[in-house]
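The values are calculated or read from the model by the stated rules, or taken from the named source; none is laboratory data. Quantities reported herein were computed from a predicted structural model and do not represent experimental measurements. Backbone-built Cβ (ideal geometry, glycine too); neighbour counts: all protein chains shown. We work out accessible area using only protein heavy atoms, side chains counted, and drop any ligands, DNA or RNA first. Shrake-Rupley method; radii C 1.70, N 1.55, O 1.52, S 1.80 Å.
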Amino acid sequence: MQGYIDCHCHISAEDFDSDIDDVIGESKKAGLVALLAVAEHAGEFEKIIQLSQRFPGFIMPCLGVHPVQDPAQPRGAVLEDLDAALPLIEKYKEHIVAIGEVGLDFTPRVVNSDAGKDGQRQVLIRQAEIAKQLNLPLNVHSRSAGRPTIHLLKELGVENPLLHAFDGKPSVAMEGVKAGYFFSIPPSIVRSDQQKLVKQVPLESMCLETDAPALGPEKQVRNVPSNISISAEYIAKIKGIPLEKVVEVTTQNALRLFPKLKTFIKA
Ligand SMILES: [Zn+2]
């Protein structure tokens, strides 16, 4: 398969409501063959499913509860946040390609107590169980929680997670690599200090993502899925390999990690 796969994108964000057709059109022109639409809370699940039906074979839905809830007044997720989500995950289990976005976020403004961290852990544990039952991979967020996230996933016996925009130490990432985990690199890598991570994690364990509308190459500017090439070009530069190789291997990795893509992609 030729082209890029964006393994983590918030295409249901309000930022794209007014020009979604143009955004998808530009993405295809830029060589994107599919994007994984991740969710943050149950309130956007139906929108993600509708978008996947409006752009069949291109927008691939993932449903899950993010470790940070209520962006206006950020707080850690708790088990009650799963109440509305679980019936919808069950309802759409045949349609989704992964459970996500799930994970841990120990940023102090989100959680500042052990109880808060434990709440997030419980939410991740429950969703990892569901993913296992449904035989689906996990699309995982970890911020200020690289080590606890990888260790918890290993403890739970999770075999197939994607660690998106990993901000932990490269040595911790390598523990994930040894466990067969994948790491996706967003366009914001060009302004981050994670160059070492890109150097150390082998291409065979890497995927591409945009996390659009967040994590773009420029701060405060709306990120779009067509920026996926920025991640690929950066990896090619740091690793000193041809861009085509990066595209080919990361796309193969995505198809391996998210096996349902093969049957859904219409490119
Ligand atoms: Zn995200």
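What the table shows:
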read-out: Heavy-atom accessible area order for S192, S142, S18, largest first, 1.4 Å probe; value: S18, S192, S142
read-out: Selected from D105, D193, D118 as most flexible by GNM, with the chain as the system and alpha-carbon contacts under 10 Å; value: D193
read-out: Approximate spin-label separation T263-S144, in nm, with each point projected 7 Å along Cα-to-Cβ; value: 4.2
read-out: Whole-number percent relative contact order across segment 68-207, with pairs defined as alpha carbons under 8 Å at least 6 apart; value: 19
read-out: Net +/- balance of residues flanking L203 in space, Cβ distance below 9 Å, scoring K and R +1, D and E -1; value: +1
read-out: Cleavage-rule hits (trypsin sites (Lys or Arg not before Pro)) in segment 140-243: DSSP loop, at most 16 neighbouring Cβ within 10 angstrom; value: K219, R222
read-out: Two-site FRET efficiency, K132 against S18, from Cβ-Cβ distance with R₀ of 41 Å, rounded to 0.05; value: 0.60
read-out: Max mean-square fluctuation residue, GNM over the chain, Cα-Cα springs under 10 Å, options A212, A85, A77; value: A85
read-out: In order through segment 50-56: 3J(HN,Hα) via Karplus (6.51 cos²θ - 1.76 cosθ + 1.60), integer Hz, x for Gly, Pro; value: 4, 5, 5, 7, 6, 10, x
read-out: Protein accessible area in the chain, 1.4 Å probe - carbon and sulfur %; value: 49
read-out: Segment I238-K196, extension gain: residue separation times 0.36 nm, minus the distance between their alpha carbons; value: 14.2 nm
read-out: Counted charge near E244, where neighbours are those whose Cβ lies closer than 14 Å (Asp, Glu -1; Lys, Arg +1); value: +1
read-out: Under 17 Å from the E46 label point (7 Å along Cα→beta-carbon), backbone N, segment 74-97; value: 83-93
read-out: Helix-only mean residue ellipticity at 222 nm for the chain, each DSSP H run of n ≥ 4 adding -39500 (n - 2.57), per residue, nearest 500; value: -11500 deg cm²/dmol
read-out: Solvent-accessible heavy-atom area per residue, rounded to whole Å², over the chain at 1.4 Å; value: 43
read-out: Neighbour net charge for S226 - beta-carbon separation under 12 angstrom, K R +1, D E -1; value: 0
read-out: Global form of the chain, assessed from the alpha-carbon gyration tensor, a/c cut-off 1.5; value: rounded
read-out: Given charges at beta-carbon only (K, R positive; D, E negative), |dipole| of the chain in Debye; value: 900
read-out: Whether segment 8-48 is rounded, prolate or oblate, judged on the alpha carbon gyration tensor where a/c under 1.5 counts as rounded; value: oblate
read-out: Relative contact order computed over the chain (Cα-Cα under 8 Å; 6+ residues apart), in percent; value: 21
